[in-house]
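Below is one structure, written out as structure tokens; the observations come after it.
The values are calculated or read from the model by the stated rules, or taken from the named source; none is laboratory data. Small disclaimer: the values here were computed from a predicted structure and weren't measured. FYI the Cβ positions are ideal-geometry reconstructions off the backbone, even for glycines, and counts take in every protein chain you see. Ligands, DNA and RNA are stripped out before the accessible areas are found, and what is left, the full protein with its side chains, is counted by its heavy atoms. Shrake-Rupley method; radii C 1.70, N 1.55, O 1.52, S 1.80 Å.
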Amino acid sequence: MGIIRLFSDVCAGPSPSGDTQQRGLTAAYFRNDWSLTNYIKNNLTNQKMKNQNMPRFTLYTILALLFIGADCFGQIVKTDWDVFSASNEPAVLIDTVFQNKPCMVLTSQGQAIALKKGAPVKNFRIELDIAGEVMSGIGFRATDAQNYQFLYFRLGYGGTREAIQYVPIYNGALSWVLYNYPNYETTADIKRLEWFHVAMEVKNNNLKVYVNNSPTAQMDIYLISSSFREGPILLRSMFGSSYFANINVWELPEVLADWEISEQFPRSKMLDMDHKTTSKTWTVVHPDEADVVNLCRYFSNPNGVAIARHKVQSAAENDKFLYVDFIGKLKIVLNGQELFRYDKMKLDRIFSGTHKILLPLKKGQNELLFITEGDASIFGKGFDAMGRLQHQNWGFIAELGNR
């Protein structure tokens with residue numbers, strides 16, 4: 001999280017128009033266009049980043065970090081891990097050097113599983129380097145060492161459709177013949193006892209896996225439904241030794257669910273509807289599988305303005321980041337205070353993380369309001385949909401993350 005925070009804070013800022021659209025690293029990271037390291041290397045001297053007016057010492061710091069390499073971020077800290085043997089007995093983590101790379105080794109017998117300590121995670125991205133003899137894997141949302149989601153690599157099957165496999169582990173059972181190709185197994189260019197890079201992203205029920213800095217995912221699937229909601233990350237080796245290096249984990253923001261939407265109100269030239277406007281009805285809605293709240297689903301003739309509201313609970317006064325993208329016009333209000341307004345017309349593909357807005361949460365319940373209008377006005381009075389003037393696109397993506 002610290003690396004993402006460092007680079008997003010110094011390299012991504014307000015756009016020239018004054019809105020909070022993120023440039024450079026943050027937007028690309030959340031769209032999964034690149035691995036983190038490659039993105040920075042490829043864009044550090046790009047004109048976009050030069051225009052960010054970064055302090056000179058910050059630019060020099062980033063350059064120095066890149067020349068040092070990823071090892072400074074991914075050092076193995078023994079106290080970060082609980083290690084268990086193949087007989088589920090506590091074991092000692094072994095750090096070593098394999099092919100000139102500092103790493104941890106799991107022998108599959110004396111050291112079979114390493115559980116990462118710390119707060120449980122639900123949505124995250126992990127990047128690491130792996131080399132192994134037979135089977136090397138990454139578990140996540142573990143309830144214990146016998147129950148978790150599992151992605152593993154068959155090192156002797158590189159180039160075949162059995163190189164990567166995902167399975168849910170229930171009560172210690174690795175049910176590899178139940179979950180197989182074409183969905184749960186796929187190919188990758190990996191070789192036995194040769195280092196390869198893995199970027200894996202888990203977001204809600206979606207799993208994406210990128211091998212060797214590929215710009216496209218080798219695996220992009222929905223996880224098998226289970227009771228595994230959150231938990232620690234683990235590393236595992238089977239039938240031989242596996243080596244893990246440069247391990248970095250970043251927590252990803254959580255999609256905001258459980259919205260309520262008001263009745264539909266008439267549009268005006270500007271997005272000037274008061275956030276205190278009362279509604280006769282409130283309808284509970286949820287984001288769909290694409291994490292989008294699509295308002296056209298809920299109005300028989302979608303052509304106006306509506307209020308979407310969400311209750312954010314906070315155990316204490318705390319600052320969070322709201323990651324949002326939308327179509328049309330949008331005003332965001334938190335506890336009666338306007339934080340964001342875009343009353344021009346926005347019609348473009350939406351992506352997670354395009355806008356980042358600071359939310360100063362108070363202790364207890366916080367009311368987050370979106371006053372939202374779709375794209376009808378870009379067509380004048382509306383798009384002619386079989387003789388009816390209306391919105392064609394109306395909705396948003398909203399996620400909440402730690403500062």
Quick check: is even one residue across the stretch 59-72 closer than 22 Å to P120 by Cα, modelled with pLDDT under 95 and not hydrophobic (A, V, I, L, M, F, W, C)? no
Of (1) in contact with a Ser or Thr (Cβ under 6 Å, 6 or more places away or on another chain); (2) over 16 Å from G137 (Cα atoms), I221 satisfies every one except (1)
What's the number of the only condition in (1) at pLDDT 95 or above; (2) more than 18 Å from P287 (Cα to Cα) that L322 fails to meet? (2)
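I need the strands (runs of 3 or more DSSP E) fully contained in the stretch 168-243, keeping only those with at least 2 residues that are farther than 18 Å from Y157 by Cβ and touching a Leu at 6+ places or on another chain (Cβ under 7 Å). First the steps, then the outcome.
Details: elements: 196-203, 206-211, 219-222, 234-238.
Because the criterion is at least 2 residues that are farther than 18 Å from Y157 by Cβ and touching a Leu at 6+ places or on another chain (Cβ under 7 Å), the strands (runs of 3 or more DSSP E) in the stretch 168-243 that meet it are 196-203, 234-238.
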When every residue in the stretch 383-400 that is surrounded by 21 or more Cβ atoms within 10 Å (Cβ to Cβ) and of a type outside the set (A, V, I, L, M, F, W, C) is compared, the one nearest to A315 (Cα to Cα) is E399
Which of the residues belonging to the stretch 120-159 are more than 23 Å from the chain's Cα centre (by Cα), part of a loop (DSSP other than H, G, I, E, B) and touching a residue at least 60 places away in the same chain (Cβ under 8 Å)? E133, V134, A145
Every residue from the stretch 287-342 that is of a type in the set (K, R) and touching a residue at least 24 places away in the same chain (Cβ under 8 Å): R309, K311, K320, K329, K331, R341
Pick from the stretch 122-156 the residues that are open to solvent by 10 Å² or more (accessible area, probe 1.4 Å), at pLDDT 95 or above and not basic (K, R): which of them is farthest from P102 (Cα to Cα)? G156
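Within the group S237, S214, S241, which residue is more than 29 Å from G395 (Cα to Cα), without any contact (Cβ under 8 Å) to a residue 24 or more places away in the chain and open to solvent by less than 40 Å² (accessible area, probe 1.4 Å)?
S214
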Can you name the residue in the stretch 284-338 that is under 22 Å from F379 (Cα atoms) and of a type in the set (D, E, K, R) and, of all such residues, is nearest to the chain's Cα centre (by Cα)? D325
Among the residues of the stretch 186-211 satisfying the criterion of being closer than 22 Å to Y243 by Cβ and of a type in the set (A, V, I, L, M), which is surrounded by the fewest Cβ atoms within 10 Å (Cβ to Cβ)? L193
Can you name every one of the strands (runs of 3 or more DSSP E) wholly within the stretch 247-333 that holds 2 or more residues which are open to solvent by less than 50 Å² (accessible area, probe 1.4 Å) and touching a Phe, Trp or Tyr at 6+ places or on another chain (Cβ under 7 Å)? 259-262, 305-314, 318-326
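Here is a list: G172, G231. Which entry is on the phi > 0 side of the Ramachandran plot and open to solvent by less than 10 Å² (accessible area, probe 1.4 Å)?
G231 is the lone residue from the list that is on the phi > 0 side of the Ramachandran plot and open to solvent by less than 10 Å² (accessible area, probe 1.4 Å).
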Out of V83, V105, V97, report the one residue that is surrounded by fewer than 19 Cβ atoms within 10 Å (Cβ to Cβ), modelled with pLDDT of 50 or more, outside any loop (DSSP other than H, G, I, E, B) and aliphatic (A, V, I, L, M). V97
